[in-house]
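A.B. asks: The structure's right below; bear with me while I get my questions together.
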Amino acid sequence: MRGNFERLRGVFSISDDNPDLAIAQIDRFSRQIPLMYTMVVVNTLALAYDFMDQAPAWLSIYIPVFLVSISVLRTLSYWRAGKQEISGEVARKKLRQTIVLAGVLGSIFALWALALFGYGDVYSQGHVAFFSGVTSLGIMVCLMHLRIAAIVLGVTVIGPTSLFLIYAGSQEFLSVGLNLVIVAVAILYVLSNHSESFVDLISNQIALKKAAFEANELGKENERLANLDSLTDLPNRRRFLAELEERIVGAAEGNRSFAVGTLDLDGFKPINDIYGHVAGDNLLVKVGERLSQISSDLFVARLGGDEFGIIFEGELSDSELRALGNRICETVEEPFEFENFIANVGGTCGIAKYPEAGTTAKLLFEHSDYVLYVAKERQKGKAVLFSEQHQDEINETTGIMRELQKANLDEEFFVAYQFVVDSDTGLPVGAEALARWASPVLGNVPPTDFIKNAEKTGVVSKLTETLLRKTLSEVSKWPGNLFVSFNLSAHDIGSPQNILRLSEIVRRSGFPPERLTFEITETALLRDLGRANETLKLLKSLGSKVALDDFGTGYSSLSYVQNLPIDKLKIDRSFLANMEECPTSQAVIKTILDLCDNLDLDCIVEGVERQGQLEILRGIGNMKVQGYLFSKPLASGDALTYIQLLPSAEGQDIKRSARHS
Ligand code: C2E
Ligand code: CA
Ligand code: CA
């Protein structure tokens, strides 16, 4: 019983929990209702006209006018509803109104028509029956999207009209009345089925729309996250590169210029190491905030680690770009205050301008990165703009890399020897082997240029082997027992396999390994201290010595000297540059010499160029020295000739003879 009641309620009520259905129903109505009222108005006017002479004016004129007016107003109301977006609430209100009006207006129309019935002749009475039947059935069809309104109309109009006709007293009207009932029931049955499929259709459409909307929203959120750096909330590398591509297209079309910058923090790593990663992360967030506030013409992104990408909008001259870049570096230099510490970092910036520094995103970005590293080496804390000079450097490097890969190592590479002498006697105690490249294409290329490129291209291991073989075969011909120093690169000491191959070369050469020293720089050691320790031990197991080269240019940490198996220390020539005027340099050299004494290390002072330097060094004590004052690096044949002259040269001015050979 209760179930039936609920079902009945369901049929007669407008569901509150499906506003989208109500909106869809109003949408359909707004298209059908004008048609429906047009039909009603035409039929009403026709009937009223028919009764004009037969019925009183209030029935044939006033009431029809009133009914037509209401019809026009309702049409307008629906027409307006169809043109605007309406809420579910408004739609439901309108539907309830429609149901009530279907009953009320329907009854009034029916009563009016039936009231006319008594005034007409049999034809006009037939017109009334026709009007009531056809109009109400037509309306029912027009109300198909709101089943309940059709039912209300059936009950309030067709029911009473049929009864009226059935009891009107004529066989014909009885038939029309019964007919009307049968057709109305049939139409209601069809409408009922249609209404259910309409509800299903709308529900499906709504569900589909909702799913599409949700998928779209999810897609947008994923897109946002994929383009955002989760730590700083700045655009990430991906977004930065995409933005760069867009700007290039825009700038190319509009013949405009813009610039790309890469900013790298100086001194960030120690903050991370000392205060922890959380502090490091907080610092990056604050750096990001400061950068974003500098100017609205800057597009700032975090590229990863402590590197930020910047796009400079607008037509800025080179000097304006440099000034803005320097301002960015200065902004980062201001101390960052945290609860329990103050972080002091710096920033260095490389800038590449479109189109001068490149016309593709990749090239512009690479060039800004290139000048960033140039700036880090030569102008830390400043902004450097990519220029023609940088392009030349890149071309040169590319040229070197290309020729290195093609080079015949045996034919193109040579070894030069620079003697190491005793500071008191000026007599050679050893020699350093230095690589020389006579490229058939590039000419003489300095080792500082080709060694780093040989490391990048992977040629270095083969090159070291060739040079070591050449060195050992040449110095084996030298009389006496001078030591020979051979330079190793970071790559060489990076793997025990490399060292084992070099050991094999030493063994096969027959040169006494105890007269051989391998020179290694501090920076090479630092790449992987653990691995370096292992490989140095392998070299030592040969019986050879190990020297720490360029001491004083890197961290100069005494812990390496103590913990690694080192025999010699070479003081870098930068300490000698102004030693005549600088007592501090003298003191530092003396301290290092004392240290070597205490640790039982050999010490060699590099880069002695002037007699004045030598005098000061002699004042400190006896040591081994190397430099242009005694000998420039000599070609193999010259070095041999020089040594062969030595035994008989005792007491002669060796220094001068070496310098001028
Ligand atoms: P280094 O090991 O410090 O070599 C000493 C450099 O100082 C040599 O430059 C030498 O010519 C230069 N020099 C010597 N005396 C003086 C002086 O009085 N004044 C000045 N201003 N310079 C002086 P070079 O031959 O151009 O070599 C440069 C660097 O290239 C070397 O520095 C070394 O790091 C690297 N290198 C040279 N040959 C090799 C090699 O066979 N293998 C590796 N891995 N590196 C090498
Ligand atoms: Ca060296
Ligand atoms: Ca050196």
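A.B. asks: Across the Cα atoms of segment 60-117, what radius of gyration and what greatest pairwise Cα-Cα distance (Dmax) are found, in Å?
C.D. replies: Cα-based Rg and Dmax for segment 60-117 come out at 14.0, 44 Å.
A.B. asks: On C-alpha positions alone, give me the angle between the axis of helix 529-542 and the longest principal axis of the chain, in degrees, nearest 10.
C.D. replies: Relative to the chain, helix 529-542 is tipped by roughly 30 degrees.
A.B. asks: Then there is this: With an 8 Å Cα cut-off and a minimum separation of 6 or more residues, compute the relative contact order for segment 101-229 in percent.
C.D. replies: 23
A.B. asks: Work out the P(r) tail for segment 226-327: percent of alpha carbon pairs separated by more than 19 Å, whole number. Let's see the in-between values first.
C.D. replies: Numbers: 2401 of 5151 pairs.
The share of Cα pairs beyond 19 Å in segment 226-327 comes to 47 percent.
A.B. asks: Evaluate the distance, in nm, between pseudo-label points positioned 7 Å from the Cα of Glu393 and of Val185 along their respective Cα→Cβ axes.
C.D. replies: 9.9
A.B. asks: What cysteines in the chain have no other cysteine with a beta carbon less than 4.7 Å from their beta carbon?
C.D. replies: Cysteines of the chain left without a disulfide-compatible partner: Cys142, Cys329, Cys349, Cys582.
A.B. asks: If I take every Cα pair under 8 Å that is 6 or more residues apart in the chain, average their sequence separation and divide by the length, what percent do I get for the relative contact order?
C.D. replies: For the chain, the relative contact order is 7 percent.
A.B. asks: Let me ask something additional. How tilted is helix 277-294 with respect to the longest principal axis of the chain? Cα atoms for both, answer in degrees (0 to 90, nearest 10).
C.D. replies: The two axes meet at around 70 degrees.
A.B. asks: Sequence gap at least 6, Cα distance under 8 Å: using those rules, report the relative contact order of segment 237-386 to the nearest whole percent.
C.D. replies: Taking the mean separation of contacting Cα pairs over the length of segment 237-386, I get 30 percent.
A.B. asks: Taking only the Cα atoms of segment 567-629, how large is their convex hull per residue, in Å³?
C.D. replies: Convex hull of Cα atoms, per residue: 67 Å³.
A.B. asks: Short version: ³J(HN,Hα) in whole Hz for each residue of segment 131-144, in order, from phi by Karplus 6.51 cos²θ - 1.76 cosθ + 1.60 (θ = phi - 60°), x for Gly and Pro, what are they?
C.D. replies: 4, 4, x, 5, 4, 5, 5, x, 4, 3, 4, 5, 8, 4
A.B. asks: Which FRET efficiency value, to the nearest 0.05, is calculated for Ser203 and Val104 with the Förster distance at 35 angstrom and r the Cβ-Cβ distance?
C.D. replies: E(calc), rounded to 0.05, equals 0.70.
A.B. asks: What FRET efficiency comes out for the pair Leu363/Gln32, r = Cβ-Cβ distance, R0 = 56 Å, nearest 0.05?
C.D. replies: 0.30
A.B. asks: Follow-up question, since we're still on this one. Length gain on complete extension for the stretch Ile274 to Arg224, per 0.36 nm per residue less the alpha carbon to alpha carbon distance?
C.D. replies: 14.6 nm is the gain from fully extending Ile274 to Arg224.
A.B. asks: Considering just Cα atoms, how many Å³ per residue does the convex hull of the chain enclose?
C.D. replies: Given the Cα convex hull of the chain, per-residue volume reads 290 Å³.
A.B. asks: Tell me, how many Å apart are the Cα centres for segment 217-270 and for segment 376-415?
C.D. replies: What the calculation gives is 29 Å, centre to centre.
A.B. asks: Give me the percent of the accessible area of the chain that comes from carbon and sulfur atoms, probe 1.4 Å, all protein chains in place.
C.D. replies: Looking at the chain in its full context, I get 56 percent from C and S.
A.B. asks: Using a 1.4 angstrom probe, figure out how much accessible area the chain has per residue, in square angstrom, rounded to the nearest whole.
C.D. replies: 50
A.B. asks: Taking 30 Å as R0, compute the FRET efficiency from the Cβ-Cβ separation of Asp449 and Asp318 and round it to 0.05.
C.D. replies: That pair, Asp449 with Asp318, gives E of 0.60.
A.B. asks: A follow-up question, please. Work out from phi, with θ = phi - 60° and the Karplus expression 6.51 cos²θ - 1.76 cosθ + 1.60, the ³J(HN,Hα) of each residue of segment 113-126, listed in order in whole Hz, and give x for Gly and Pro.
C.D. replies: 5, 5, 5, 5, 3, x, 8, x, 6, 5, 5, 5, 4, x
A.B. asks: Using the basic label-point model (7 angstrom from Cα toward the beta carbon), what is the Cys582 to Glu615 distance in nanometres?
C.D. replies: 2.0
A.B. asks: Gln54 versus Glu196, label points 7 Å from Cα toward the beta carbon: distance in nm?
C.D. replies: 4.4
A.B. asks: Relative to the longest principal axis of the C-alpha atoms of the chain, give the angle of the C-alpha long axis of helix 447-457, reported between 0 and 90° and rounded to the nearest 10°.
C.D. replies: Taking Cα atoms only, the helix is inclined about 40 degrees.
The values are calculated or read from the model by the stated rules, or taken from the named source; none is laboratory data. All figures in this text were calculated on a predicted structure; none of them were measured in a lab. Here Cβ is always computed from backbone atoms with ideal geometry, including for glycine, and neighbour counts include all displayed protein chains. To get the accessible areas, we keep the full protein, side chains included, count just its heavy atoms, and leave off ligands, DNA and RNA. Shrake-Rupley method; radii C 1.70, N 1.55, O 1.52, S 1.80 Å.
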